[in-house]
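Everything on this sheet refers to the single structure shown next.
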Amino acid sequence: MKGYIHSLESFGTVDGPGTRYVVFFQGCPMRCKYCHNPDTWQLNKGSEMTADEILEKAEAVREFIRRGGITATGGEPLMQLDFLTELFRKAKTEHSFHTCLDTSGIAFTPGRTEKFDELMKYTDLVMLDIKHIDPERHLQLTGQRIDNVLAFAEYLSDKGVPVWIRHVIVPGITLDDGYLYKLGRFIGGIKTLKAIDVLPYHDMGKVKYKAMGMEYPLGDTPPASDEDAVRARKVILSGVRDELRSMKRTDNGR
């Protein structure tokens, strides 16, 4: 079996715990307005590679990633679910690598989870990108409905899979206390939540859009600052704490 791979990175430092070997999958149904990798959108493009070919390259840098592992990102890795499962299965059973899936969850199929169940057998951590917590705003921002994303988060919680939440704050779009608090209330219900990464929006993707002859969707939207991210994280955490308190009160009332 071969998968379509956009690129490989040997020393990823922001793609999960430790230093990671990062596999960028080709193909994504989302059209996030702040996406800085529009060249990963198209399906069935990129380099065709087998899992063994990828893992051979990862083995060559094992000394550098021994306290990290392998991360599948994209694009959207779940668009190539069978290949992703083979990659993670071999990474775990044949190479003993820690495996991390960086995903939006958009390709999850509630009610038909057999293949996802198989993938989760070999997945140590899921980094789930929640683009926007409001359904209408999520659709406007990404071109996709939020239903499968939230369903995937609940699935991971029920399956006992460790989850890191990632959220990009964009001035005028997601940098809003009401939305941030609502996001916190939702993720406070994820039983396996391990971390929350709040990432400030940047416009470095403008150059790539121009090179590809594409109009940059967010125009002159200013980047968010590190201070914005710190404050946004505090608002999200307040929602998480309130959700945990609410759940505790409910449990005590039974």
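Some observations on this one:
- Sequence-ordered 3J(HN,Hα) estimates for region 216-224 from the Karplus curve with 6.51, -1.76 and 1.60 and θ = phi - 60° stand at 6, x, 8, x, 9, 4, x, x, 7 Hz, glycine and proline given as x.
- Rounded to the nearest 20, the Cβ-based charge dipole of the chain about its Cα centre (Lys and Arg +1, Asp and Glu -1) stands at 640 debye.
- Selected from Asn148, Asn44, Ile187, residue furthest toward positive end of dipole (the chain; charges at beta carbon): Ile187
- Cysteines, the chain, no other Cys beta-carbon under 4.7 Å: Cys28, Cys100
- In the chain, the DSSP beta bridges split such that about 30 percent are antiparallel, to the nearest 5.
- For Ser7, the residues 5 or more places off, or on other chains, whose built amide H falls under 5 Å of its own are Phe24.
- Taking Cβ atoms as reference points and 12 Å as the exclusive limit, the residues near His202 contribute a net charge of -2, counting Lys and Arg as +1 and Asp and Glu as -1.
- Counting only DSSP beta bridges whose two residues both lie in region 1-100, roughly 55 percent are antiparallel.
- Region 149-176-region 12-34 distance, computed between alpha-carbon centres (Å): 15 Å
- Between Ile130 and Arg166, the built amide H atoms are under 5 Å apart, and every one of these is 5 or more places off in sequence or on another chain.
- Given the chain, longest segment not containing exposed loop GluC sites (Glu not before Pro) (DSSP; at most 13 other Cβ within 10 Å): 95-214
- Distance violations [Cα-Cα > 21 Å] among Lys159/Lys234; Lys45/Lys92; Lys33/Lys194; Lys115/Lys182; Lys92/Lys159; Lys2/Lys90: Lys159/Lys234; Lys45/Lys92; Lys33/Lys194; Lys115/Lys182
- Helical contribution to [θ] at 222 nm, DSSP H n ≥ 4, -39,500 (n - 2.57), averaged over the chain, rounded to 500: -11500 deg cm²/dmol
- Residues of region 127-141 with amide N under 19 Å of the 7 Å Cα→Cβ point at Asp203: 141
Readers should treat all values here as calculations from the given coordinates under stated rules, not as data from a laboratory. Since the model is a prediction, treat every value here as computed from it, not as a measurement. Using ideal geometry, Cβ is built from the backbone for each residue, glycine included, and neighbour counts are taken over all protein chains shown.
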